[in-house]
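The values are calculated or read from the model by the stated rules, or taken from the named source; none is laboratory data. Note that the coordinates shown come from a computational prediction; the quantities given were computed from them, not determined experimentally. Cβ: placed from backbone, ideal geometry, glycine included. Neighbour counts: every protein chain shown. Calculation scope for accessible area: heavy atoms of the full protein, side chains included, ligands and nucleic acids excluded. Shrake-Rupley method; radii C 1.70, N 1.55, O 1.52, S 1.80 Å.
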2 protein chains.
Amino acid sequence: MASLAPAHAQRAAKAAKAAATASRVDLTDSLALRKIFDEALLRGQSYENLRYLTGTIGARLSGSPQAQQAVEWGKLTMEKAGFDRVYLQEVMVPHWVRGSKERGEIVGNKGKEIKVALCALGGSVGTNGKLKAGVVEVRSFDELRKLPEAAVKGKFVFFNRPFDDALIEPGTAYGRAGDQRRSGAIEAAKRGAVGALVRSLTSARDDNPHTGNMSYDPAVTKVPAAALSTLAADQLSLLLKANPGLEFELQMECQTLPDEKSYNVVGEIKGSKYPEQIITVGGHLDSWDLGQGAHDDGTGVVQSMEAVRLLRATGFRPERTVRAVLFMNEENGNRGGIEYARLAALNKETHIAAIESDGGGFTPRGFNVESEPAIMAKMAVWGPLLQPYHANSLTAGHGGTDIGPLKEAVKPKALIGYDGDSQRYFDIHHTAADTFDKVNKRELELGGASMASLIYLLSKYGL
Amino acid sequence: MASLAPAHAQRAAKAAKAAATASRVDLTDSLALRKIFDEALLRGQSYENLRYLTGTIGARLSGSPQAQQAVEWGKLTMEKAGFDRVYLQEVMVPHWVRGSKERGEIVGNKGKEIKVALCALGGSVGTNGKLKAGVVEVRSFDELRKLPEAAVKGKFVFFNRPFDDALIEPGTAYGRAGDQRRSGAIEAAKRGAVGALVRSLTSARDDNPHTGNMSYDPAVTKVPAAALSTLAADQLSLLLKANPGLEFELQMECQTLPDEKSYNVVGEIKGSKYPEQIITVGGHLDSWDLGQGAHDDGTGVVQSMEAVRLLRATGFRPERTVRAVLFMNEENGNRGGIEYARLAALNKETHIAAIESDGGGFTPRGFNVESEPAIMAKMAVWGPLLQPYHANSLTAGHGGTDIGPLKEAVKPKALIGYDGDSQRYFDIHHTAADTFDKVNKRELELGGASMASLIYLLSKYGL
């Protein structure tokens, strides 16, 4: 030790002191968090905000009039809540519309028709009238590739691999079944199929079809793609076993219109000590057109605004700048997330962390963190403060789609996803059943307060 | 050490070895638990059992024909599941009936009437025609006792203390507001009131009245007691401020009939090594008459049967005897729980632990344990095994009402309550909205598997 040069020794002492400060949590913090939760549970505004967003505005797919209403509402709501600065970030977004007609029928022996529950996948082309063809069922792209040409050509490919229900996290099951929805139409068309029918991405057995984004390959013919409800998928599968020659008739009038102008909505509170250091907290304002976009992602939107409001309402002036961002177009393009990151880089902003809530407004468990072990360890020190609220789980995992582009653009120290209990999420995800009544007020509020608590700590101690 | 007599040394060595064995968990256990969860999530029977119990049989208040149907169904279900022995324990239960008419109106200025949502509290006497009187609002028994006689005599006492929403556990809020429902009628009558109107025990603001048990004091006049929905309570409170002289008109035809014969249903698997050591797992078969008794406590019933079935289905032969018990009459008397304990003592049974699920069939957090610190520490060793299923929380707390009487009767080493996330529970608890559709299949199954896992460990290692 004595052999260290004085400058080294000073630096080492300073670093040790900084580390001690950064990992120190005290009674003040414990009481501050209790105050945040009190405010959320006793005088919370997120539930009534969500009622308006989902009930009065409703579903708000990118490019729709409702998405524009949501932008104006978000701006107004943050202005009324007394944010230092509220502004819009312009971004061009895709504009896909479902059209008025959408139907499918299994045409069995002797022309008997059975109507089934389905919906177009987001981004799909329409059928240009009625499209009738045979059906070939597969469980994977591999299975499809191994089929002889004659078995696929001119038919619908029916992708019917279910969720793996043994997985404890439904999000993992969603991820593993997702290729069918995202790329099913491409893989089907490559083999000469006329369309793709995809089993809805859910464990639930019911008649709600689940929409969601799909994509085309410019080098491959665009064929229409629809999601069948799980009951419809089970029925089709059973009937195919009895009668492999049955046909399916699909009619969809969906289409992609020219891009529309839209906006991210940003509300900011200037940091009192390090205003140049930014903490982002956000959800996405757009939603699918079925249902009301309640859990996906109305809850993330109102929780993000609420998290910042809670800090203000409890008299806490953050040392670092806090930004609530209502991102546009997460569902079918992520244009808002990309634009937010582009501007952050362009303006040479310093982002220390970004938090996203886009897994539904369910009871807190904690946070998923994309970061380095040393940063995770720093955050783990805060665990005991969040434990009374059951929000202390810290897992290495996905931060969020909207905040994702920040990673390359401005290299924040952590991308953080709010982690709520998600067992119910995929029952209603992207369906007509994703409505306000599915959201529990207390679960929503506990989530928002957990996010506010993390922002309090990030703002006070940095990362 | 050398000074120990050989016998002492041997005993000490034996004890040390036993302790090591008791706290050892190994890969076998980890794989056994994964097998249990696979069986629950992929081939679970609890959800379909619950569908039958709630949908086909429905609400099943003690003494009702539906309660008897539930007894027969429970016995048959366990017999079909291949339990070693299934039998009934006879018990006499109270038989209260709601009657066909149940209504309440606020009678304001100029005789204008506003109908409000209410229901009789379980056990209440009827009104014997229409009962019309003024209303005095209080928040506590203390406040009531301090009122002058004239302010109370001949009126309804309106107990309107809300849930404390700042509490993180809704069960605690329920406990703290519960005296109004349980003893409101007694306290009101003591002061000469004609009836009690009680704010429903919930955080939710809606028009569902919440029933629940109330009691009378043999020394005090029996006056009728009703629960108002929270919206009705808020309305009545507001109108009282504007017009303290308003009246309330109540009509209820509920009554208590003679006791009925009923049963606990017990299903047993004999322990392979220590058959005399018993582990009980149970829920209560009776429910309130509104709704379907889904979360309260259909879920506990089907989870208890499922927990034992899961052990069998995964090829596990428990070393200790495991008993699934479907208790009768938890809601308004606990006669089943008392009788089960009485017989256990009479037969000099050895009970090492009893588990109850009666907080709704929600996502697991872990278990509440009534025991000594040394036993808690022993159980804590199992935490890492339950962690992958988010069921590893171990909290000192209430085991359960049905298993409660075992404590005095046979002194089990631990009374254990299944601890699920309860934020949604009191929205629907004891209401017409406690129906099958409120139960999520995966949450139910994860809970049953968590209980089975704990039984596996208790049976293997003892306590």
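Overview of values
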item	result
Boolean, A:Phe367 is under 19 Å from B:Ser393 (Cα atoms), outside any strand (DSSP E or B) and open to solvent by less than 40 Å² (accessible area, probe 1.4 Å)	no
Any hit, region A:377-394, residues being in the same structural domain as A:Glu339 (by TED's automatic domain parsing), under 23 Å from the mean Cα position of the chain (by Cα), open to solvent by less than 50 Å² (accessible area, probe 1.4 Å) and under 13 Å from A:Gly448 (Cα atoms)	yes
Residues satisfying the stated conditions in region B:158-208, i.e. within 14 Å of chain A (Cβ to nearest Cβ), touching a residue at least 40 places away in the same chain (Cβ under 8 Å) and part of a helix (DSSP H, G or I)	B:Pro170, B:Gly171, B:Ala173, B:Tyr174
All positions within region A:217-243 that are farther than 23 Å from A:Pro148 by Cα and open to solvent by 30 Å² or more (accessible area, probe 1.4 Å)	A:Pro218, A:Leu231, A:Asp234, A:Gln235
Conditions (1) under 20 Å from A:Thr363 (Cα atoms); (2) in contact with a strand residue (DSSP E or B) (Cβ under 8 Å, 6 or more places away or on another chain): number failed by B:Pro388	(2)
Every residue from region B:284-321 that is open to solvent by less than 10 Å² (accessible area, probe 1.4 Å), out of contact with any strand residue (DSSP E or B) (no Cβ under 6 Å at 6 or more places or on another chain) and of a type in the set (S, T, N, Q)	B:Ser287, B:Thr299, B:Gln303
Pair list, Cβ under 6 Å, 6 or more apart: region A:306-330 residue on the phi > 0 side of the Ramachandran plot and modelled with pLDDT of 95 or more, other residue among the charged types (D, E, K, R) and open to solvent by less than 30 Å² (accessible area, probe 1.4 Å)	A:Asn329/A:Asp286
Residue in region B:173-181 that is under 19 Å from B:Ser422 (Cα atoms), in the same structural domain as B:Lys241 (by TED's automatic domain parsing) and among the basic types (Lys, Arg) present	yes
Number of positions in region A:139-161 that are of a type in the set (A, V, I, L, M, F, W, C) and open to solvent by 60 Å² or more (accessible area, probe 1.4 Å)	1
Selection from region A:122-157 of residues that are aliphatic (A, V, I, L, M) and part of a loop (DSSP other than H, G, I, E, B)	A:Val125, A:Leu147
Search result, residues across region B:412-435 that are more than 23 Å from B:Asp38 (Cα to Cα), among the aromatic types (Phe, Trp, Tyr) and touching a Leu at 6+ places or on another chain (Cβ under 9 Å)	B:Phe426
Residues that are open to solvent by 40 Å² or more (accessible area, probe 1.4 Å) and of a type in the set (A, V, I, L, M), drawn from region B:346-364	B:Leu346
Lone qualifier among B:Arg43, B:Arg51 - being within 14 Å of another protein chain (Cβ to nearest Cβ), open to solvent by 80 Å² or more (accessible area, probe 1.4 Å), under 30 Å from B:Lys270 (Cα atoms) and within 21 Å of the chain's Cα centre (by Cα)	B:Arg51
Odd one out for B:Tyr418 among (1) closer than 23 Å to A:Asp421 by Cα; (2) more than 11 Å from chain A (Cβ to nearest Cβ); (3) in contact with a Pro (Cβ under 7 Å, 6 or more places away or on another chain)	(3)
Members of region A:147-164 that are within 15 Å of A:Gly195 (Cβ to Cβ) and of a type in the set (Gly, Ala, Ser)	A:Gly154
Odd one out for B:Lys407, checked against (1) within 23 Å of the chain's Cα centre (by Cα); (2) open to solvent by 10 Å² or more (accessible area, probe 1.4 Å); (3) closer than 16 Å to B:Gly448 by Cα	(3)
Odd one out for A:Ala7, checked against (1) modelled with pLDDT under 95; (2) open to solvent by 60 Å² or more (accessible area, probe 1.4 Å)	(2)
Residue match in region B:57-64 (condition: touching a Phe, Trp or Tyr at 6+ places or on another chain (Cβ under 9 Å), modelled with pLDDT of 95 or more and surrounded by fewer than 12 Cβ atoms within 10 Å (Cβ to Cβ))	no
Residues (of a type in the set (Asp, Glu) and more than 14 Å from the chain's Cα centre (by Cα)) located in region B:318-374	B:Glu319, B:Glu339, B:Glu349, B:Glu370, B:Glu372
Hits in region B:336-359 (condition: within 16 Å of B:Ile416 (Cβ to Cβ) and not hydrophobic (A, V, I, L, M, F, W, C))	B:Gly337, B:Tyr340, B:His351, B:Glu356, B:Ser357, B:Asp358, B:Gly359
Region B:332-355: number of residues that are assigned to a strand (DSSP E or B) and within 21 Å of B:Asp259 (Cβ to Cβ)	0
Unique match (being aliphatic (A, V, I, L, M) and touching a Pro at 6+ places or on another chain (Cβ under 9 Å)) among A:Leu131, A:Leu88, A:Leu147	A:Leu131
Among (1) more than 14 Å from chain B (Cβ to nearest Cβ); (2) more than 26 Å from A:Asn334 (Cα to Cα); (3) part of a loop (DSSP other than H, G, I, E, B), the one test that A:Asp358 misses	(2)
Tally, over region A:430-463, of residues that are within 14 Å of chain B (Cβ to nearest Cβ) and among the hydroxyl-bearing types (Ser, Thr, Tyr)	3
